[in-house]
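Worksheet: one structure, shown below.
The values are calculated or read from the model by the stated rules, or taken from the named source; none is laboratory data. These figures come from a predicted structure and were not determined experimentally. Here the Cβ positions follow ideal geometry from the backbone for every residue, glycine too, while neighbour counts run over all protein chains shown.
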Ligand code: PLP
């Protein structure tokens, strides 16, 4: 059984960059070795379960890219995005902080030996017993955005270091967070006044421009608003020292976002102000690839053209690691991993004549009709039961929100590889 045993494979080759042949072949070899170790005809139930390959070198490169483009902003990894233990270990070694949303997340970070000062409890509406836990563990930094939360903190953790989370324009983001959190700008003065009356310790301002943000100007506007709130708080006598610029960064647009944010920070906040961020997706989205087994197939004849298409049923779906389709508005792209015993890694990315392609729809394993991964996709191959598909970019908001619906597992193996010697060295991968 593979279950629960992390496999670590390092690559001590020369520098590789994402998407390079070396990184791809490392991932490909890990996929191949695992797939070839499973014989669907005789294996134990669950041995053919979907599994991940995580390239920790990708996380390492994203960290270096962050440092190059946002040197002023100290990242606090948003654990909720993917609480994978090796990702947490690597980021801990790299010296990031952590954004935690619950007692369990705080606990998992503290268990790595992280100092509580490297954690921000960035949830403006917290469970009382969790606030007590944060107080016991001396996790002082936390956000708030409403008066009730201030009374709660006064009662449970009056020495906490508080960040006022403000609302943002997140209309251009994939997942809007300001529908639920963030103080409107016309309430900040009253909230700060109340915090002063309660003798609480406000030290900063926080915002989040929405997960999967696409409008760099959202950062500019949020930084300007944060400046106003800093000034309000300073006038009330608070000693404001930190700005938290939240998450929302995507790999594809990172340099563009970072440039606008950096300029805004330099324009509105002097170097004496400490700046932190809470990136999640940015670090992990592209580091994880998932492989899924084709457990069933249904042939569909088009009565007019006579053409055959197929419905493929995989052993993972929207109630599992493809929860990102529902919750994160993603459209994962299937590629053929192994077909008729032949390893096809990479072939699925080839251009081919669509007329020569075979059409498939791809479904998850549960009884629900909503459990559809892809309505229509073409492959050049005839994919059958027992073959394997793979999906790249499956690291963000996937396994963290998987369920056990219909009795399928919510915990899948991860095989770790590293395409960066720097990451291998930090993690002791040989
Ligand atoms: N910080 C907070 C408070 C969040 O709610 C989230 C995501 O929901 C994040 C950070 C991470 O956002 P992202 O993955 O877009 O970087």
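Descriptive notes on the structure:
- Residues that are more than 13 Å from the ligand (Cβ to nearest atom) and either over 16 Å from residue 292 (Cβ atoms) or within 14 Å of the chain's Cα centre (by Cα) (or both) within the range 391-404 comprise 392, 393, 394, 399, 402, 403, 404, listed in sequence order.
- Across the range 338-351, the qualifying residues are those that are assigned to a loop (DSSP other than H, G, I, E, B) and touching a strand residue (DSSP E or B) at 6+ places or on another chain (Cβ under 8 Å), and the one among them that is modelled with the highest pLDDT is 344.
- When each of 272, 214, 251, 299 is tested for being within 30 Å of residue 362 (Cα to Cα), surrounded by fewer than 24 Cβ atoms within 10 Å (Cβ to Cβ) and away from the ligand (no atom under 16 Å from the Cβ), the lone residue that passes is 299.
- Qualifying residue in the range 259-266 (condition: within 25 Å of the chain's Cα centre (by Cα) and free of Cβ contacts under 8 Å to residues at least 60 places away in the same chain): yes
- Of the strands (runs of 3 or more DSSP E) lying entirely inside the range 266-337, those containing at least 2 residues that are over 30 Å from residue 204 (Cβ atoms) span 288-301, 308-314.
- Residue within the range 373-387 that is in contact with a helix residue (DSSP H, G or I) (Cβ under 9 Å, 6 or more places away or on another chain) and farther than 19 Å from residue 300 by Cα present: no
- The range 64-85 - residue that is surrounded by 24 or more Cβ atoms within 10 Å (Cβ to Cβ) and in a helix (DSSP H, G or I) and, of those, nearest to the ligand (Cβ to nearest atom): 81
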